[in-house]
1. If a residue must be assigned to a loop (DSSP other than H, G, I, E, B), in contact (Cβ under 8 Å) with a residue 24 or more places away in the chain and either within 11 Å of the chain's Cα centre (by Cα) or at positive phi (or both), how many such residues does the range 86-125 contain?
2. Exactly one condition in (1) away from the ligand (no atom under 12 Å from the Cβ); (2) in a loop (DSSP other than H, G, I, E, B); (3) farther than 30 Å from residue 163 by Cβ is false for residue 80; which is it?
3. What is the number of the single condition among (1) in a loop (DSSP other than H, G, I, E, B); (2) touching a residue at least 24 places away in the same chain (Cβ under 8 Å) that residue 171 does not meet?
4. Looking at 68, 72, 36, 23, which one is touching a helix residue (DSSP H, G or I) at 6+ places or on another chain (Cβ under 7 Å), in the same structural domain as residue 101 (by TED's automatic domain parsing), surrounded by 15 or more Cβ atoms within 10 Å (Cβ to Cβ) and at pLDDT 80 or above?
5. When the range 90-126 is examined, which residues are found to be surrounded by fewer than 16 Cβ atoms within 10 Å (Cβ to Cβ) and near the ligand (Cβ under 10 Å from one of its atoms)?
6. Residue 173 - would you say it is at pLDDT 95 or above and either away from the ligand (no atom under 16 Å from the Cβ) or more than 28 Å from residue 35 (Cβ to Cβ) (or both)?
7. Check whether at least one residue in the range 127-136 is touching a strand residue (DSSP E or B) at 6+ places or on another chain (Cβ under 8 Å) and within 9 Å of the ligand (Cβ to nearest atom), and report yes or no.
Ligand SMILES: [Zn+2]
């Protein structure tokens, strides 16, 4: 559901956009607000310089899956879109869990999805551009991440014999790498106002 219409724009020459030009949703904001604990609906709208730039409805089906609902206008044609997004959680070293979106296109674990080219997806899929000083952050964090990943099993699994705490610390470091990249590529993004809607 929701992926059929997202091929729009595929095959165009690739180009990069700036993160701050895109609407974004951050799973950490919603987790912090307690929106992901169980089934509920809420809506988000964005403004830029006081101007309304967009809004979406969010339906949380369960702590593991939600839908983003919105209307896209492309070439003067309005189209209703539903993106179904899975949420995964990784353990934190001292208890609790960190939520991630699974990108709708590549299934990468990411904290932020951007709306661009007909759907919400991660910054890799949306080809979000980084400033030159963030390139350095990108390089450094990817190098660090590869080193950590080399100690883990496939898909960040805990290798046999690795202590739970060691494992949780490594996962936490991976999360930190991801967060640093997010911060580096989207500092001046349009502010998100999440508002609780009807349940
Ligand atoms: Zn992706």
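1. 5
2. (2)
3. With (1) in a loop (DSSP other than H, G, I, E, B); (2) touching a residue at least 24 places away in the same chain (Cβ under 8 Å) applied to residue 171, the lone miss is (1).
4. Going through 68, 72, 36, 23 in turn, the sole match is 36.
5. Matches in the range 90-126: 106, 107, 108, 124.
6. Against the criterion (at pLDDT 95 or above and either away from the ligand (no atom under 16 Å from the Cβ) or more than 28 Å from residue 35 (Cβ to Cβ) (or both)), residue 173 does not qualify.
7. no
The values are calculated or read from the model by the stated rules, or taken from the named source; none is laboratory data. None of the values given here were measured: they were computed from a predicted structure. Note that each Cβ is placed from the backbone with ideal geometry, even for glycine, and that neighbours are counted across all protein chains shown.
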